[in-house]
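Trainee: Got a structure for you, written out below as structure tokens; questions coming shortly.
Each value in this text was obtained by applying a stated rule to the coordinates, not by laboratory testing. Note that the structure is predicted; figures quoted are calculated from it, not measured. Quick reminder, even Gly has a Cβ in these numbers, built from the backbone with ideal geometry, and neighbours come from all protein chains shown.
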Amino acid sequence: MLISNLLRKLDMQDLTVFVAVYEQRSVTQVSEALCVSQSTVSYCLKKLRTSFEDELFINTRSGMSPTHKAIVMYGQILGIIKTINHCHSGTLRFDPNQEEITFNLCAPEYFELLILPKLVKRFIGNRFPVVINTTKFHRDIPFDALRDERFDLVVGFGPHFHGDANGLQSQVLLADELVCVVDRKFPGAGQDFSLEAFAAGQHVFPTPWTSDTNMIDGWLARQGYKRQIVARANSYVAALALVTGTDYILTLPKRIQALICDERFGERQPPPALPDFTLEMMWSEKASQDSSNTWLRQQIMDACDEIRLS
């Protein structure tokens, strides 16, 4: 049911005009693009303004500038039009065999090394015409990029490591723990690190996502300790290369350690109580209604099930 009787007066042409004005910022251009008169565009705008009780677009020197409410509404109205089009074409359910599609993800290196290869192999094996573009995760959750569909999904660490994902849907993909990797000739092989010994060592720090903070140093600070980082690398693999033949310590996720380490390296347990972590995917409320996004999330969950069983 509609929450306002004013909304009953709207039709699809009004919504189409809203989107066109938002994108083109010109009544004249909208009139030409939709093949309607300028008076029709103006009339639709009047109905929209009355129905939503907001000016929506303000005439400025640079064109029709959207108000805050119009900016918030844009993605929702796009979704309504997209759903109507799906209803007409009968393709509400996404079919990867019939439709070429590109998904844009924001994810850390952990995802690229561990999950992405399995995901791509699934697509190749099933001959799905699907392309995955991955952008490196930075410090904060890119809320705006999710809401305006520049990203279909964001993958990050948890629980709540990147702050509260208010307004987003989320799902845990994997749980993991941290282990210490050292050269096989590292003194005291096989011994676990105490908190004091760990903090006193020299460390190599990988930056699988761009941030000034990380879960290890944050935890150490809460214990009243600080470690010495002698080198920072742009990837897990590059950081691992710095450990060979040195007394440096590299702390890695257990699943990544199992993937990239060989007989040149030894494993030691980190200090007791160093927290475990999770890998989580996040998406917008709008994406929850998108069948292609739902399909992608299921493919990722299936790939993670393979990892858990391997």
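Trainee: Take the alpha carbon atoms of region 5-89, find their radius of gyration, then divide it by 2.2 N^0.38 Å using N residues; give the quotient.
Mentor: 1.04
Trainee: On to the next question. Residue by residue through region 118-130, which ³J(HN,Hα) values in whole Hz follow from phi under the Karplus form 6.51 cos²θ - 1.76 cosθ + 1.60 (θ = phi - 60°), with glycine and proline marked x?
Mentor: Calculated HN-Hα couplings, in order: 5, 5, 5, 4, 5, 5, 5, x, 9, 6, 7, x, 10 Hz.
Trainee: How do H138, H68, H203 rank when sorted from fewest to most other Cβ atoms within 10 Å of their own Cβ?
Mentor: So the residues, fewest neighbours to most, are H68, H138, H203.
Trainee: Separate question: Taking every pair of Cα atoms in region 178-275, average 1/r, invert it to obtain the Kirkwood radius, and report Rg/Rh to two decimals.
Mentor: 0.92
Trainee: Below 11 angstrom from the Cβ of T246, what's the summed charge of the other residues (Lys, Arg +1; Asp, Glu -1)?
Mentor: -1
Trainee: Just to be sure I follow: if Rg is taken over the C-alpha atoms of region 233-275 and Rh is the Kirkwood radius over the same atoms, what is Rg/Rh?
Mentor: Computed over Cα atoms, the ratio is 0.94.
Trainee: Multiply the residue gap between E23 and D302 by 0.36 nm, knock off their C-alpha separation, and tell me the result in nm, one decimal place.
Mentor: Computed gain between E23 and D302 is 96.7 nm.
Trainee: Something else: Mind checking which aspartates and glutamates have their C-alpha under 12 Å from K82, skipping anything on the same chain fewer than 8 residues away?
Mentor: Partners within reach: D290.
Trainee: For the chain, what mean projected area does the convex hull of the alpha carbons give, in nm²?
Mentor: 21.2
Trainee: Would you mind checking which residues have amide H under 5 Å from L174's amide H? H placed 1.01 Å from N; only 5 or more apart, or other chain.
Mentor: Amide H neighbours of L174: L279.
Trainee: Right, something else. Give the aspartates and glutamates reachable from K69 as a straight Cα distance under 17 Å; neighbours fewer than 8 places away on the same chain don't count.
Mentor: D14, E23, E53, D54, E55, D144, D148
Trainee: Ok, one more. For the pair A33/I71, report the inter-label distance in nm, with labels modelled 7 Å from Cα in the Cβ direction.
Mentor: Calculated label separation equals 1.9 nm.
Trainee: For n ≥ 4 DSSP H runs only, could you compute -39500 (n - 2.57) per run for the chain, divide by its residues and tell me the 222 nm figure to the nearest 500?
Mentor: Taken over the chain, the calculation gives -12000 deg cm²/dmol.
Trainee: Mind listing the phi-derived Karplus ³J(HN,Hα) values for region 171-177, rounded to whole Hz, using 6.51, -1.76 and 1.60 with θ = phi - 60°, and x for any glycine or proline?
Mentor: Once θ is set to phi - 60°, the couplings for region 171-177 become 8, 6, 8, 8, 10, 8, 10 Hz.
Trainee: If I model a spin label at F94 and L6 as a point 7 Å from the Cα along the Cα→Cβ vector, what separation in nanometres do I get?
Mentor: The modelled label-to-label distance comes out at 3.6 nm.
Trainee: Translational diffusion coefficient, Stokes-Einstein: compute it for region 125-190 using the Kirkwood radius over C-alpha pairs as Rh, at 4 °C and 1.567 mPa s, and state it as an integer in µm² s⁻¹.
Mentor: It diffuses with D of about 83 µm²/s by this estimate.
Trainee: Separate question: Restrict the search to region 111-186; then list the trypsin sites (Lys or Arg not before Pro) that DSSP places in a loop and that have at most 16 other Cβ atoms within 10 Å of their Cβ.
Mentor: Answer in residue order: R127, R139, R150, R184, K185.
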